[in-house]
Amino acid sequence: MTNERRQEAIVIALIASAIVHVALMFYFRPKVMAVVINDDGKVGRREAMRVSRSEAKPNPVQIYDLDDVEAKREAPIAESSIDSITISPVENVSDVVAEIKNPAPEILSESEAEPIVEDPTVFEANVIKLDDVVSGKIAAMPIDTPTIVEQGATIQSAPDSGAIKPEMPDFNPDTFFPPEIAFEEKVTDRFESAPETRSISEFVPSEEVYEEVDEKVVEAEKEAIRELMNVDDANDLWPMLNVSMTKQLFEGYIYYKVMISPKTSASTTNSAKNVLPVVPKDIVILIDASGSIGNDRLESCRIAGKKILRTCTNTDDRFNIVAFRDKYKYLSQKWMNCDKEGLDYADAWLNRLAAHGRTDVFATISSVLTLPRDPRRPLIAMVVTDGEANTGVSETAQILSQFTSLNDGMISVYMYGVKSSANKELIDVLTRGNRGESYIHQGTRWTAGKFIDSLSAKFRDPVLTDLRIVYSANVNAEAFPRRLKNLYRGETLTFVGRVKAGTPEIAFSLKGLNGDKTYESFIKIPVAVASVDPSIPNLWKEEQAVDSKLN
C-alpha cells in the first residue's frame, strides 16, 4: 500500500468513527433525558413536554419606503499634464546594422553616466536598495502606467495617480481561466491568410518519427530555420507590434522590462495588413503514465488531453501524443491531422493508458527531438508530469543543461505539474529556458488535469516564432531570458535587462518567422520616457538565477 493510500485509509477510519459516535449519542440521548430520580429516591420517568400556542405580537419597528436620492452634480473630471517626446522611426535597418558593426567611438565619461533627465532629482527619488524590494518595504510605491512605444508616434507618459498599478493581477485559476468547453465543440479555423511558400534548399522534413535522437538531424533542422531567418529582404515587423517599457535605477544600473504584444484587428485602427496571421503549428502532448502519478490523476489528465486536442488546436494544426514511463511510446509514427478520424483514434489510444512503472524524465523530454520539425511550423511540446525522475538521468541540473543545450530553442516546452509536490525547479526552469511556461496543480488528484487546457490556450495562436534579439553594439545589456518565447495572439512577450546608468536608449533588433516569411525591425526606446517600476531589479535577479541553472 502506498503512503497516499495509507493516509486515505486513516482519514476514512476517523470519519467512520466520528459517524458512529454521533449516532450513539443521538440513540442514547432520549433514553437518558427521559429518566429522572424523584425526591423519594425512586426512579421515574420525566413528564412529557407540553406546547401551547401564543398570539403574535405587533412589530414595534415600522419600515417606510424611501425614494432614491438623486445626485445634484456630476463627478469632477481629473486634469493632468502630460509630457511628450517624439521618437523618429528607423528608416533603414541596413544602415543600423552597419552602425552596429562599426559603432561610433563614443565613450561615456563618469560625469555623463548620470540619468538623462532635466531635473536631477527625478532619478534620485527612484534609487532604491534591492533588499528593500525583496523585503517588501517599498511595496506601496506608485508604479506608472507603462509607456506605449509607437514608431513615428508621440510617446506620452501617463500621470501618476498615486496608486499601485501592477501590470497583471495575481494569478487565480478560478477567475483567470476560461469556462469549461464541451468535448463536442468543433475545431475552429483562426487563420487570416495562408503564408506564401518559399523553398528551403537541401532539407526536407521526415514523414515519420525518427527511431532515436540524432544530433545530425537536429542540427539540419536548426540550419533550415536559420536559412529562413537569414534573408536580406525581411518584412518590416514594427507596424505589427505594441511595445512598452518600464525602468528602475539601482546601484549604478538602469534595470528595464520590455513588453511586446502583437496588434490585432480589434485593438488597432491600422489596416489588416498590419496584423500578423496565425500560422499552423505542430503540437505533441507527453503524458506521464508512471506508477507515481497514479490512476486517478492519469484519468483526469486523460480527459484533459482529449479536450485540448479539440479546443487548443486550429484546423491546419497537426498533433501527436506520447505516453512515458521508463520508456516512451508514440500514438503514431507520423503527425496526425486535427480531424474527426485523428481525434477519435487518439481518444481510443488514451483510454487504454494505465499508470505503472518508473519515470525517465530526461529520455522523455529528449524524445520530442525525434519528431520531424518543419521549419515553417512551430513545434510545441506540452508535458504533463509529476516531475519525479526516478530512473535514467535523474539529476535536475543534468536534465536542465543537457536538454536545453541540445534543443537550443527549436521546440517550445510547456509543462504541467499534476500535484503540489512536483519538482518545481525542474518544471519551472526547463520551460523558461526553452520558450515556454509552466503551471503546478495544487488541488486533489481527482482534479489533477483541470487547468491543462487553460495552459494550452496560451500557445493556441502563434504569430511569430523562433525569435532572435540582437542588441546594438553600444548598448552593453545583460538581458534574460536569452531565448525569447514565441509570440502568440492575445499574449504578451516580456524580457528584463540592465544597462549602465546614463545609457540614453535601449536599442535592439528583433527578428522572427511567420510561416516561411521573415520579419525584422530595429527598435529604439528612450530611457527617459519609460515609467518607473521598483520590482524590476528583483525580476532581473530571478531571471539571472534561472539562466545560471541552464548552463
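Sorted from largest to smallest, which semi-axis lengths in Å does the alpha carbon gyration tensor of the stretch 311-456 give for its equivalent ellipsoid, taking the root of 5 times each eigenvalue?
Working: eigenvalues 103, 73, 48 Å².
That gives 23, 19, 16 Å for the three semi-axes.
Can you flag which of K334/K450; K524/K549; K329/K419; K306/K511; K281/K306; K257/K419 are past 25 Å Cα-Cα? Write down the numbers at each step before the final one.
Numbers: K334/K450 28 Å; K524/K549 31 Å; K329/K419 23 Å; K306/K511 35 Å; K281/K306 18 Å; K257/K419 32 Å.
From the list (K334/K450; K524/K549; K329/K419; K306/K511; K281/K306; K257/K419), the Cα-Cα distance tops 25 Å for K334/K450; K524/K549; K306/K511; K257/K419.
Evaluate the relative contact order of the stretch 302-392 (contact order divided by residue number), counting alpha-carbon pairs under 8 angstrom at least 6 apart; express in whole percent.
28 percent
Given R₀ = 30 Å, FRET efficiency for N235-N551 by Cβ-Cβ distance, to 0.05?
0.35
What number, in percent, do you get for the relative contact order of the stretch 206-336 if the mean sequence gap of Cα pairs under 8 Å and at least 6 apart is divided by its residue count? If you can, show how the numbers build up before the last one.
Numbers: 117 pairs, mean separation 28.1, N = 131.
Taking the mean separation of contacting Cα pairs over the length of the stretch 206-336, I get 21 percent.
Calculate the all-directions average of the projected area of the stretch 269-321's alpha-carbon convex hull, and give it in nm².
Its average projected convex-hull area is 5.3 nm².
Could you tell me the calculated FRET efficiency between E208 and Y345, based on Cβ-Cβ distance and R0 = 25 angstrom, to the nearest 0.05?
Values: r = 16 Å, r/R0 = 0.66.
After rounding, the FRET efficiency stands at 0.90.
Using a Förster distance of 35 angstrom, determine the FRET efficiency expected from the C-beta separation of L24 and R358, and round it to 0.05.
E between L24 and R358, to the nearest 0.05, is 0.15.
7 Å from Cα along Cα→Cβ at both R482 and Q333: what's the point-to-point distance in nm?
Each label point is offset 7 Å from its Cα along the Cβ direction, giving 3.8 nm.
At what distance in angstrom do the alpha carbon centres of the stretch 314-382 and the stretch 433-476 lie from each other?
18 Å
In percent, how large is the relative contact order of the stretch 278-355, given Cα pairs closer than 8 Å and 6 or more residues apart?
Contact order relative to length: 39 percent.
Can you pull the one-decimal nm distance between simple spin-label points at Q398 and Q442, each 7 Å off the Cα toward Cβ?
Those two pseudo-labels are separated by 3.3 nm.
What does the extension gain come out to for S420 and V217, with contour length at 0.36 nm per residue minus their alpha carbon separation? Mind showing how you got there, number by number?
Values: separation 203, 0.36 × 203 = 73.08 nm, distance 3.72 nm.
Once the chain is fully extended between S420 and V217, it gains 69.4 nm.
How big is the stretch 439-551 by Rg and Dmax over its Cα atoms, in Å?
Considering the stretch 439-551 through its Cα atoms, Rg and Dmax are 17.4, 55 Å.
Can you give me the Rg/Rh ratio for the stretch 480-541, using Cα atoms for both radii and the Kirkwood formula for Rh?
On the way: Rg = 13.9 Å, Rh = 14.0 Å.
Rg divided by Rh gives 1.00.
Throughout, read-outs are computed from the coordinates displayed, never taken from laboratory work. None of these values were measured; they are calculated from a predicted model. Every residue, glycine as well, gets a Cβ built from its backbone with ideal geometry; the counts of neighbours run over all protein chains shown.
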